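Chemist: There's a structure below that I have some questions on.
The values are calculated or read from the model by the stated rules, or taken from the named source; none is laboratory data. Small disclaimer: the values here were computed from a predicted structure and weren't measured. Counting neighbours? That spans all protein chains shown, and the Cβs are built from the backbone with ideal geometry, glycine included. Ligands, DNA and RNA are excluded from the accessible area calculation, which covers all protein heavy atoms including side chains. Shrake-Rupley method; radii C 1.70, N 1.55, O 1.52, S 1.80 Å.
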Amino acid sequence: MPTLFVLRGPDKGRTFQTPDEPAVLGRQSDHIPLNDNAASREHAMLRREGQRWVIEDLNSSNGTYVNGERLDGPATLKHGDQIKVGGTVLVFSGDDSVERFSGPTLTRDLVEYAAPGADGGMDSSILSAIPSCEDSVILAAPETADAVHAWKLMYQIAEAIGMFVDIEDFLERITDLICDHFVFDCVLVLMGTPEDDVFAPQVVRYRSEQKGEQPKITASRTIINRVRETKNGILCANAMTDQRFADGDKADSIHSLGLRSVLCVPIITHDEVHGIIHIACAMAQHAYTHEQLRLATAIGRMTGMAIENARLLQSRMQNERLAAMGETVAYLSHHIRNLLQGLHSGSDLLELGIKKNNLDTVVSGWKSLQRNLDRTLLLATDMLTFSKDRQPTIEMGELNKLVEEAIVLAQHNADAKGVMLLTDFARIPPTALDKDGLHQAILNLVLNAIDACPETEGRVVVTTAYDAQGATAAISVSDNGPGIEPEEVESIFEPFRSTKGHGGTGLGLAAAKKVVRESGGELEVETRPGEGTTFRILIPLGRTHVLDSDQTISM
């Protein structure tokens, strides 16, 4: 009975066995149910045709992929094929005699090591060894069927390298490819760091005659240690000589194992061994060859390179996160310090006015406190808006009234700078709006426009327009400031990019654009250096907005 092992997705680690009758994969399947919202209720179907298994997409919304290619009809599955359904990746195992175990928890009790000196009574021999860092691991030109087979395997490994970022998932795929291309009784992938005394089993595959049987898999620590020390791939088989695997009495751990043929190669990069691939088979079934050793050594080398690249990528991503976090903290710390200084100055004035019973000083201190409290509230709101995804709350409302409320809040900033606030509103019918989000975006634009204006001569014009035919509304905020340089226009919506120097966080425009897009609109900018800038919010009207599962508002 074929098996599907979930490699990635919400059901990662689960195993499904396919019945002989057609089996459906999907969220509401009775055969192979998936807890994946990206999968359709009945996404794909597996069915047996003679001795083969076929998969077919059931007109799913996201499609079904096999080994990265979207299905456009029924496809025959092979052992080791990867099936992508929504966000779930499954591996198809067509041989139910192969037991699959992965990860330190599952493999912990499956592998044991025979210590050197175990009495066995059989000698062993290294039939062949290949340094993994030499050009000898490069495969010969495909002149024979074996070489063509080897090149096909290397091509599949190269594809796997491009598909995975997670190291554990990649090792799963590599092990499945080895099982698909080598005759084996057991395959072990041991992983660790160069400083570890013992590598731990990460992935285990073995053939079992009885389903559910879990025999101990014994590996020779002598062979593994020799591969680590020499960094060579080794082919071993039972023979009569080779003192390297014997004590004075010619006894060694490998003698007691009963392994007739073993391939053991390092997973290596830059002369550092990160792990071991250990493939074993009874000699009565198969004896590995020197060419297969070359192939296994090349696999170890490519696996090591892929792991090193994945670790470098993870390290780079971590460094970029830390750098971004540091930049964010630096920007916000500086701005918060300015706000606190403003609050402190206002409290000092307030205290001084109370002591001297001077009402004018009290009023001046209170205005300073109020101004900086408003700035603190705006900063906190922008940070919350920008830092997480937000589900707009859609309510019936009047757009012009929303704009008026934002202007009222900005009026004291305009008065303090001597800037005129002018309005020109078109007649716009009530409609479904994200009132909180749009209010925040409009207030940000108006405050930015006031900051951009010259003192005592500044002018900010806020207008609304309505296009009944196109079912859209526009809110425009124009100033008579110095404008924006053309080379800076593309970057003004980036977070922490402020043209106000120490006076801004660079979050206002980024938060405004995010809020407008969450409402289904767009935020545009027109600038005329030396003359001023206009920001325009375009909002679609007359569309249905989902409030929750039971209620909608439509115009």
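Chemist: Where in the stretch 390-425 does the label zone of Glu524 land, with the point 7 angstrom along Cα→C-beta and an amide N cut-off under 20 Å?
Modeler: 400, 424-425
Chemist: Rounded to the nearest percent, how much of the accessible area of the stretch 392-528 (1.4 Å probe, protein heavy atoms only) is carbon and sulfur?
Modeler: 48
Chemist: Considering only protein heavy atoms, with the full assembly of protein chains and a 1.4 angstrom probe, order Tyr288, Tyr65 by accessible area, largest first.
Modeler: The residues order as Tyr65, Tyr288, largest area first.
Chemist: Something else about it: If you count only protein heavy atoms and use a 1.4 Å probe, how large is the accessible surface of Val89, to the nearest 10 Å²?
Modeler: 20
Chemist: Can you send over the solvent-accessible area of Met420, 1.4 Å probe, protein chains only, in Å² to the nearest 10?
Modeler: Estimated to the nearest 10 Å², Met420 gives 110 Å².
Chemist: What does DSSP give for the stretch 1-48 in terms of the percent of beta bridges that are antiparallel, rounded to the nearest 5?
Modeler: Taking every DSSP beta bridge within the stretch 1-48, about 75 percent pair in antiparallel fashion.
Chemist: Within the set of other residues whose C-beta is less than 11 Å from the C-beta of Lys435, count the net charge using Lys and Arg as +1 and Asp and Glu as -1.
Modeler: Charge balance near Lys435 sits at -4.
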